[in-house]
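A quick write-up on the structure given underneath.
The values are calculated or read from the model by the stated rules, or taken from the named source; none is laboratory data. These numbers were taken from a predicted model, which means no experiment stands behind them. As a convention, Cβ positions derive from the backbone with ideal geometry for all residues, glycine included, and neighbour counts pool all protein chains shown.
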Amino acid sequence: MHELSIAMEILDIVAKAASEHGSDRIKSVRLRVGDISGVEVDSLTFSFDAIKGDRKLTVDAELVVERVPLKVHCRTCDGEFTGEGQYLTCPSCNGFDTEMLQGDELSVVDIEVE
């Protein structure tokens, strides 16, 4: 279950940022998680909630997850579409020359502190 190690890394990141800004309590952490990032959001949330109490700084922190759908650009017809999977065919021109624009991200967007 790699979501536990991801939750631990998120807590390390936000703890460092909070201490750099002189904060002693994190109220919330907002993440962007792409639909094809390989992260199971429910498991990540469970893991985060299970270990956040290990630090006084994060004991009451809430994890807010923004899902990011897969968005793809077709270089053949210059169109954009949403899709699933790694091998995508453009629904407009059936072209295979595509590039992913979004959907694989996993990032801390912001931290609300006191």
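Of note, I111 does not satisfy the criterion of being part of a loop (DSSP other than H, G, I, E, B) and more than 14 Å from M8 (Cα to Cα).
In this structure, is V33 buried (at least 16 other Cβ atoms within 10 Å of the Cβ), at pLDDT 95 or above and closer than 30 Å to C93 by Cα?
Working: buried (at least 16 other Cβ atoms within 10 Å of the Cβ): yes; at pLDDT 95 or above: yes; closer than 30 Å to C93 by Cα: yes.
Yes, satisfied.
Looking only at region 1-24, residues that are in contact with a strand residue (DSSP E or B) (Cβ under 9 Å, 6 or more places away or on another chain) and either under 22 Å from D104 (Cβ atoms) or modelled with pLDDT of 95 or more (or both) come to 6 in all. When V59, V72, V113 are checked against the criterion of being in contact with a helix residue (DSSP H, G or I) (Cβ under 8 Å, 6 or more places away or on another chain) and free of Cβ contacts under 8 Å to residues at least 40 places away in the same chain, a single residue qualifies: V59. In summary, T45 fulfils each of the numbered conditions (1) among the polar types (S, T, N, Q); (2) surrounded by fewer than 17 Cβ atoms within 10 Å (Cβ to Cβ); (3) under 17 Å from I111 (Cα atoms); (4) modelled with pLDDT of 95 or more with the single exception of condition (2).
Of P69, P91, all but one fail to be farther than 30 Å from S23 by Cα and surrounded by fewer than 13 Cβ atoms within 10 Å (Cβ to Cβ); the exception is P69. Can you name every residue in region 11-47 that is within 30 Å of E84 (Cβ to Cβ), touching a helix residue (DSSP H, G or I) at 6+ places or on another chain (Cβ under 7 Å) and assigned to a helix (DSSP H, G or I)? Those that are within 30 Å of E84 (Cβ to Cβ), touching a helix residue (DSSP H, G or I) at 6+ places or on another chain (Cβ under 7 Å) and assigned to a helix (DSSP H, G or I): S43, L44, S47. Scanning region 48-66 for residues that are surrounded by fewer than 13 Cβ atoms within 10 Å (Cβ to Cβ) and either part of a loop (DSSP other than H, G, I, E, B) or among the small types (G, A, S) (or both) yields a count of 3. Taking the conditions (1) exposed (fewer than 15 other Cβ atoms within 10 Å of the Cβ); (2) on the phi < 0 side of the Ramachandran plot in turn, G38 satisfies each one other than (2).
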